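Notes follow once the structure below has been shown.
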Amino acid sequence: MSDLDAAVTARLESWTADRVARRLWAKDGSLWAASGKRANEVAAWLGWLDLPEAMSARVAELEHLARDVRQDGYRRAAVLGMGGSSLAPELFARVFGWAGGPAGTGAASAEGLELRILDSTHPDVVRGFRSWAGEQRTLFCVSSKSGSTTEPNAFQAAMSEIAPALDFVAITDPGSSLGELARAQEFRAIVEAPPDVGGRYSALTVFGLLPAALVGVDLGALLGRARAMADACRNPIAADNPGLALGAAIGEAALAGRDKLTILTSPRLAAFGDWAEQLVAESTGKAGRGVVPVVGEPIGNPADYGDDRFFVFVTLAGESHDQLGAVAEALMDRGHHVLHIELADPFDVGGEFVRWEVATAAMGIVLGIDPFDQPNVQESKDATTELLEAFRSRGALPQPPPIVSEAGIAVTADPAALGDAPVSVDGAVAQLLSLLTGGRDYLAILAYLPPGREVEERLQRIRVRVRDALGVATTIGFGPRFLHSTGQLHKGGPDTGAFLQLTAEPSKNLPIAGWDETFGTLIAAQALGDLASLQRRGRRAVRLHLSDVDAGLERLEAMVDEAIGLASTRR
């Protein structure tokens, strides 16, 4: 038995003795006493435990709304939201519906709507999304728990220019400003969510289930799997409790230095990794601790992975994943720790929501943190607000001067975090990568760019080259989406990240109806606020501003190739 296996076994035995499963379902906030929070503060956010049962009472309401929408002639639906409001709907769309191609197993109704998600403030993306929505009658779900989140409000303003209020549904908490707006403008419906469930735990609330109903998912079947998993996660024997067992394994691995949770999925479940990434990163990344989810990373050779990895394979029965099986065996042969979760059919995602939420709560116990707050997410929101207020008063955003600029790329960085001021653009990239230590650090690419296929492919090539040459884990996040996901981990988690922020001027700006700011101003403020927050913590961060996205990324690829060659030589 390895040291990690022994630690997990000991943890599970202690949880059985301490009646952790029973206390969790009794909403005993003292389980997270090590975080310094009062028990009642933590317990106030445990409403997600009730959802598998409680939401069964709302199935008829949600399916009735979806049926009325279809009968009224809608063939498309859109979710305008961020983070917890958008990731579960995207998962439903890709696993059950149109966005991921044919359902294959008949899991979704043939009458389901085509569902797309808008969670980027980039003008090019918003403009393209509005064009798509304008082609056919589209139902817009404006999803915001607080009702005051900047991005969904901006999206609603943009879409209201092409659609009447009857085409909008508000999904929000009771008494929110979004609800008030929906009543004033006479939206088609206001669907209220339970206020004691945080955004990233809200997949089984109306934030996830209404979009699922629009796609045509059988909500009764989905919630049935969730109830079955909830029953299994009540097992007092922690080793036999699927949620506690997963949480203990990931949490103890993080304590042992294997904190890069690498989630590999079969193709149809790719969006599951994005959902789990937010849940784990935003929940655990605080107080200098955390689990770093690595999702969407192309499969490498077993030798490419450092000893800071912990692997979870999530596959769908009947979907070919021979390559994943071979990789899992090779990884275990090299001493890596690998778990495999197989879903019997797409409805099992309902159970996985419960398993991973229980596991994430359990990780909080192991790490001694509160897994239900997100202090640094709010900090980033506040930073953006301050920058936008400065824009309103001065007519321009306060831009930090670049430390070097050449050939269409300007570099912004804090030399103190890099060890010295780079003298060239190439030097800035090389210097950032030279600070990475294999088996400990990770490179996060923060792209405030339109997430098109060509951009994603270029960034994937870059991350693979860095991983293979330097032995470090890599992540990619598109801004501002990741601010509501891994952004908390970047600022509040362990100081093991190096951050390459990429920004560019939009091809054409887009006004926001009724706002002083444009979408170009908004995403620029979000990027600046993100960089400032990283720099305040002394994080290793470099910003590259590209005058042309295609040319800039092509040059970045060449710079990375040269830089990793130099870094490898130094090692």
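The values are calculated or read from the model by the stated rules, or taken from the named source; none is laboratory data. Note that the structure is predicted; figures quoted are calculated from it, not measured. Here the Cβ positions follow ideal geometry from the backbone for every residue, glycine too, while neighbour counts run over all protein chains shown.
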Filtered residue count, region 1-30, keeping only those that are basic (Lys, Arg) and over 29 Å from the mean Cα position of the chain (by Cα): 2
Residue tally, condition exposed (fewer than 14 other Cβ atoms within 10 Å of the Cβ) and closer than 24 Å to Ala228 by Cα, over region 33-60: 3
Single residue of Gly220, Gly243 found to be part of a helix (DSSP H, G or I), more than 22 Å from the chain's Cα centre (by Cα), more than 30 Å from Leu443 (Cβ to Cβ) and not aliphatic (A, V, I, L, M): Gly220
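Which residue is surrounded by the most Cβ atoms within 10 Å (Cβ to Cβ), if the candidates are limited to region 406-425 and must be among the small types (Gly, Ala, Ser) and closer than 17 Å to Ala527 by Cβ?
Ala413
Report, by residue number, each residue of region 276-303 that is farther than 24 Å from Glu379 by Cα and part of a helix (DSSP H, G or I).
Correct list: Pro302, Ala303.
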Near pairs, Cβ below 9 angstrom, 6+ apart or cross-chain, from region 391-406 (in the same structural domain as Ala551 (by TED's automatic domain parsing) and basic (Lys, Arg)) to any residue that is part of a loop (DSSP other than H, G, I, E, B) and at pLDDT 90 or above: Arg392/Asp516; Arg392/Glu517
Residue match in region 121-137 (condition: crowded, with 22+ Cβ neighbours inside 10 Å, outside the structural domain of Tyr448 (by TED's automatic domain parsing), at pLDDT 95 or above and of a type in the set (Val, Ile, Thr)): yes
Failed item in (1) farther than 24 Å from His321 by Cβ; (2) part of a helix (DSSP H, G or I), with Arg234 passing the rest: (2)
In region 287-296, the residues that are under 25 Å from Arg355 (Cα atoms) and either among the small types (Gly, Ala, Ser) or modelled with pLDDT under 95 (or both): Ala287, Gly290, Gly296
All positions within region 162-191 that are over 20 Å from Arg137 (Cα atoms) and either surrounded by 14 or more Cβ atoms within 10 Å (Cβ to Cβ) or hydroxyl-bearing (Ser, Thr, Tyr) (or both): Thr172, Asp173, Ser176, Ser177, Leu178, Gly179, Glu180, Leu181, Val191
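Among residues belonging to region 15-29 that are in a helix (DSSP H, G or I) and in contact (Cβ under 8 Å) with a residue 12 or more places away in the chain, point out the one that is surrounded by the most Cβ atoms within 10 Å (Cβ to Cβ).
Trp15
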Long-range neighbours under 8 Å by Cβ, at least six apart or interchain, first residue buried (at least 17 other Cβ atoms within 10 Å of the Cβ) within region 439-453, second among the acidic types (Asp, Glu): Arg440/Asp308; Leu446/Asp530; Pro450/Asp124
Complete set of residues in region 192-235 that are surrounded by fewer than 24 Cβ atoms within 10 Å (Cβ to Cβ) and touching a Lys or Arg at 6+ places or on another chain (Cβ under 6 Å): Met229
Residue pairs meeting the criteria (Cβ under 8 Å; at least 6 apart or on separate chains; first within 10 Å of Arg268 (Cα to Cα), in region 311-323; second in a strand (DSSP E or B) and hydrophobic (A, V, I, L, M, F, W, C)): Thr315/Ile341; Thr315/Leu343; Leu316/Leu343
Output for region 260-288, where each listed residue is closer than 18 Å to Val472 by Cα and of a type in the set (Lys, Arg): Lys260
Subset of region 140-187 (residues that are in contact (Cβ under 8 Å) with a residue 40 or more places away in the chain, farther than 22 Å from Thr385 by Cα and touching an Asp or Glu at 6+ places or on another chain (Cβ under 7 Å)): Phe140
Failed criterion for Lys260 (all others in (1) assigned by TED's automatic domain parsing to the domain that holds Val95; (2) of a type outside the set (Asp, Glu); (3) in contact with an Asp or Glu (Cβ under 6 Å, 6 or more places away or on another chain) hold): (1)
Residue tally, condition modelled with pLDDT under 95 and touching a strand residue (DSSP E or B) at 6+ places or on another chain (Cβ under 7 Å), over region 146-171: 1
Of residues in region 490-542 being more than 20 Å from the chain's Cα centre (by Cα) and among the aromatic types (Phe, Trp, Tyr), the one farthest from Ser380 (Cα to Cα): Trp515
Elements of type strands (runs of 3 or more DSSP E) contained in region 471-562, each with 2 or more residues being hydroxyl-bearing (Ser, Thr, Tyr) and surrounded by 23 or more Cβ atoms within 10 Å (Cβ to Cβ): 473-478
